[in-house]
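Take a look at the structure below.
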Amino acid sequence: MNRILEIISNVPLFKGLSRDQLIALSNMAVEKHFIKGETIFLEGNKGRGFFIIHSGLVKIYKTSMEGKEKILEVIKPYEIFAPVPVFSGNTYPASAETMKPANVIFFSRDDFLGLVSRHPEIALNMLAAVSDRLRQFTVQIENLSLKEIPSRLSAYFLDVLNEKRTGDSFTLDITKGQLASLLGTIPETLSRIFAKMRETGIIEQDGNNITILDRDFLEDLAKGEKLFK
């Protein structure tokens, strides 16, 4: 099995496809390597295709007229990003930049649509992925508009725990400034919330290493059902 075929075989987007379909996908895929802080595309660039990250982290962000950056999401290994222009033919609605050195797989829009015309079931997988992304954005908008920052941070911690499945401990993959942008706040406010969580015994922190000490309280805090003690 060649390298790209092995990678895409583990991507949830392509789950359930036949080996022949996976081989067809691997034949059109192009592996790209980016250093930390390298731009993959900018908002407004022509949407030439979509990407799947194999290693590293990629941030999807928008920049205000004043130059302020807002991180919309952080893309992790085996996740898809920039899928919408594949079907719309429009430009990329946000920018993408690596947060760590990253390897990504690129699929040309024209090649992919040609394959979809022969294998429509692939489009169903893509639509499911896009639908899941819309659901995530709906939750994010709800959190930003209806929940206080401690609730947003608690929900983020729970998402990381569920994703990493390492018990009650994990290591933050992004900086506090990046996390603050993702949660719609500023680093100073986030630092105060971290301190309050340590003081009240919700978490234990050693640098970027976080241990959840009171998961029940964290879950209630994420739902907005409790305040700090």
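The values are calculated or read from the model by the stated rules, or taken from the named source; none is laboratory data. Because the structure is predicted, anything quoted here is derived from the model rather than measured. Cβ placement follows ideal geometry from the backbone for every residue including glycine, while neighbour counts extend to all protein chains displayed. For accessibility, only protein heavy atoms count, side chains too; no ligands or nucleic acids. Shrake-Rupley method; radii C 1.70, N 1.55, O 1.52, S 1.80 Å.
Things to note:
- Percentage, to the nearest whole number, of Cα pairs in the range 19-113 over 24 Å apart: 19 percent
- In the chain, the longest principal axis of the Cα atoms and the axis of helix 149-164 are about 50 degrees apart.
- The range 62-123: C-alpha pair distances exceeding 19 Å, %: 46 percent
- With both labels modelled 7 Å from their Cα along Cα-to-Cβ, the T211 to R118 distance reads 5.5 nm.
- With the Kirkwood sum run over all distinct C-alpha pairs, the chain has a hydrodynamic radius of 19.1 Å.
- When a 1.4 Å probe is rolled over the protein heavy atoms, the share of accessible surface on the range 1-66 that falls to carbon and sulfur comes to 51 percent.
- Structural descriptor for the chain: relative contact order 19 percent, calculated from alpha carbon pairs under 8 angstrom and at least 6 residues apart.
- Under 5 Å from the amide H of E73 lie the amide H atoms of I60, each residue being 5 or more positions distant or on a separate chain, with H modelled from the backbone and absent for Pro and chain starts.
- In the range 1-73, the ratio of gyration radius to Kirkwood radius, Rg to Rh, stands at 1.05 when only Cα atoms are counted.
- From its DSSP helices (H runs of at least four residues, each -39,500 (n - 2.57)), the chain gives a residue-normalised ellipticity at 222 nm of -14000 deg cm²/dmol.
- In summary, the lysines within cross-link reach of K46, defined as a Cα separation below 22 angstrom excluding same-chain residues under 8 places away, comprise K32, K59, K62, K70.
- Burial ranking of peptide ranges 27-35, 4-12 (average Cβ count within 10 Å, highest at the top): 4-12, 27-35
- Over the range 78-193, Cα pairs under 8 Å with separation of 6+ residues give a relative contact order of 19 percent.
- Think of a 1.4 Å ball rolled over the protein heavy atoms: the chain then has 52 Å² of accessible area per residue.
- Spin-label model, E188/D132: points 7 Å from Cα along the beta carbon direction are separated by 4.0 nm.
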